[in-house]
Amino acid sequence: MAYLICAILGSGVLVAICVPLFRKDNSIESAIIEETEWDLLQRKKEILLGNIQDLDFEFKCGKLSETDYHQVRGEMTAEVAVVLEHIEQIEKTLDLDVLIRRETDTRKGTAKPKAQIVCATCSAKNPPSNKFCSECGSRLNRS
């Protein structure tokens with residue numbers, strides 16, 4: 001009899017532990033945590049734009065021929081255009097998540113353009129993330 005009670009209690013505890021692991025949670029919190037297609041496209045856009053910036057720098061340093069540069073840049077630009085078109089389509093659907101994210105970005109100030117750093121050597125404007133000038137390659141002063 002004692003073994004039966006222990007077995008029933010043990011199986012009850014096991015079921016109580018395992019049920020949440022296999023149940024799909026449809027709550028608002030889980031929807032916020034999940035990454036949406038818009039998030040993935042935004043990340044892909046940032047990566048592609050960074051790749052184009054790197055390609056421009058490599059070309060200016062003389063590591064690429066002009067024909068290779070124009071060919072690869074054209075392919076990358078076309079890929080960015082496709083991603084931007086997908087982002088625009090998602091935003092046109094007036095998805096609530098997108099509208100909320102856009103509003104929070106605006107309120108946080110992330111939607112505003114960041115101040116650019118001017119190179120002391122060639123006076124070119126560079127994004128704040130750059131450590132070196134994208135025009136001449138000299139180290140940027142962060143003052």
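The values are calculated or read from the model by the stated rules, or taken from the named source; none is laboratory data. Just so it is clear, the structure is predicted and the values come from calculations on it, not from any experiment. Note that each Cβ is placed from the backbone with ideal geometry, even for glycine, and that neighbours are counted across all protein chains shown.
Of note:
Every residue, every condition in (1) among the polar types (S, T, N, Q); (2) modelled with pLDDT of 85 or more; (3) within 18 Å of the chain's Cα centre (by Cα), yes or no:
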residue: Met1; (1), (2), (3): no, no, no
residue: Ser11; (1), (2), (3): yes, yes, no
residue: Ser27; (1), (2), (3): yes, no, no
residue: Ile32; (1), (2), (3): no, no, yes
residue: Glu35; (1), (2), (3): no, no, yes
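- For the stretch 81-107, the candidate set comprises residues that are of a type in the set (Val, Ile, Thr) and surrounded by 11 or more Cβ atoms within 10 Å (Cβ to Cβ); within that set, the residue that is modelled with the lowest pLDDT is Val98.
- When residues of the stretch 39-78 are limited to those that are of a type in the set (Val, Ile, Thr) and without any contact (Cβ under 8 Å) to a residue 24 or more places away in the chain, the one nearest to Arg101 (Cα to Cα): Ile47
- Yes/no for Ser65 being of a type in the set (Ser, Thr, Tyr) and at pLDDT below 85: no
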